[in-house]
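Asks: Okay, here's the structure, questions in a sec.
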Amino acid sequence: MLYRYHMYCVTIQHMPLQICKSCNQEFEQHPNRPHGQIYCSVECYWAFRRAQKAEFVATNSKVCERCGKSFFANEWRSRAEFEARRFCGKECGGLYRRNTIDQVLERIVVNQTTGCHMWAGSKNWNGYGQVRLDNRWVMAHRAVWEHYKGPIPEGLQVDHTCGVRLCCNVDHLRVVTPRENCLANTSNSMGAQNSRKTECPICGGPYSFWPNGYRYCRPCMLRRQAPYLRKHRAQKRKEGRVVERRLTSKGTVDKRITTACRNCGGPYSVWPNGTKYCAPCFKAQQERYRAKKKSKGD
């Protein structure tokens, strides 16, 4: 038999016959693989592997650590993956990894000095304890309150009377409105700090109250308004003097101030547009204009 090997025609003797492990038929061993060939073809190899895997699936089983049910290996999964499995499915695996309220209570450490039940788990950016419970993130003190006291009404918050944000002791907690929580004595917010002030920090005077309940310092308010009022009033007085001086410089009288005509002394009349005028003087002026015009025409 001739085999082409490395671009040369080499005459090789017949190899001994072997028995296929899958189909039990005799086949001639390939000359390049004199050792270890136990299958006659690739199809026999994969058929033997499928049969071996089916036997493994049928004879091997495990018990789920969550529900206690037995489960077998899958044909499309490897043997190493089955040996590492602990649960029958994704549901049991997810439930096993989820926290329960008992596991949450195990992470609480009691401070014998203050009586606070300190949370020993993770914290959020604001310093409150947080935990993953029922597939959602919740605050630790709210979860403990709901476990012992029941659900929290909508629109209300849980306040720490001890001022310790990691405390989960229900005796140190209370349900209040957001305003009460913000203005509590243990709160360090800017609104709580300002609400605790009883005197003005600038002048030391007492606060006054507007009708809507907001408070203010009256001396400080008047002191802030004084420069504006002085400037505004001075500007008004200046504008009034300029108007009066402009009117009197032409030999006229400011009609907004006088109430009688300077020529005849009679009272003023008012046009429909609001302008004041003296009716006798206006009539005499019209007669002079007509006479002048008539003399020019003759």
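The values are calculated or read from the model by the stated rules, or taken from the named source; none is laboratory data. Every value quoted in this text rests on a predicted model; they were computed, and no experiment measured them. All Cβ positions, glycine included, derive from the backbone under ideal geometry; neighbour counts span all protein chains shown.
Asks: Look through Val131, Val164 and report the one residue that is hydrophobic (A, V, I, L, M, F, W, C), in the same structural domain as Ala184 (by TED's automatic domain parsing) and part of a loop (DSSP other than H, G, I, E, B).
Replies: Within the list Val131, Val164, the selection yields Val164.
Asks: For residues in segment 115-156 being of a type in the set (Asp, Glu) and under 23 Å from the mean Cα position of the chain (by Cα), which is surrounded by the fewest Cβ atoms within 10 Å (Cβ to Cβ)?
Replies: Glu154
Asks: For segment 173-210, give me each residue that is within 25 Å of the chain's Cα centre (by Cα), part of a helix (DSSP H, G or I) and free of Cβ contacts under 8 Å to residues at least 12 places away in the same chain.
Replies: Arg179, Cys182, Met190, Gly191, Ala192, Gln193
Asks: Given Cys92, Cys67, which one is part of a loop (DSSP other than H, G, I, E, B) and modelled with pLDDT of 75 or more?
Replies: Among Cys92, Cys67, only Cys67 is part of a loop (DSSP other than H, G, I, E, B) and modelled with pLDDT of 75 or more.
To keep it simple, each residue is scored yes or no on (1) at pLDDT below 85; (2) touching a strand residue (DSSP E or B) at 6+ places or on another chain (Cβ under 6 Å).
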| position | (1), (2) |
| --- | --- |
| Arg215 | no, yes |
| Leu222 | no, no |
| Gly240 | yes, no |
| Val243 | yes, no |
| Leu247 | yes, no |
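Asks: Of the residues in segment 58-88, how many are of a type outside the set (D, E, K, R), farther than 26 Å from Trp46 by Cβ and touching a helix residue (DSSP H, G or I) at 6+ places or on another chain (Cβ under 6 Å)?
Replies: 3
Asks: Only one of Cys182, Cys200, Cys220 is hydrophobic (A, V, I, L, M, F, W, C) and assigned by TED's automatic domain parsing to the domain that holds Asp159; which?
Replies: Only one candidate qualifies: Cys182.
Asks: Listed residues Val104, Val138; which is farther than 18 Å from Ser187 by Cβ, assigned to a helix (DSSP H, G or I), of a type outside the set (Lys, Arg) and modelled with pLDDT of 90 or more?
Replies: After ruling out the rest, the residue left standing is Val104.
Asks: Would a scan of segment 157-165 turn up a residue that is in contact with an Asp or Glu (Cβ under 6 Å, 6 or more places away or on another chain), surrounded by 11 or more Cβ atoms within 10 Å (Cβ to Cβ) and of a type in the set (Val, Ile, Thr)?
Replies: no
Asks: Of all residues in segment 42-91, count the ones that are hydroxyl-bearing (Ser, Thr, Tyr) and touching a strand residue (DSSP E or B) at 6+ places or on another chain (Cβ under 8 Å).
Replies: 2
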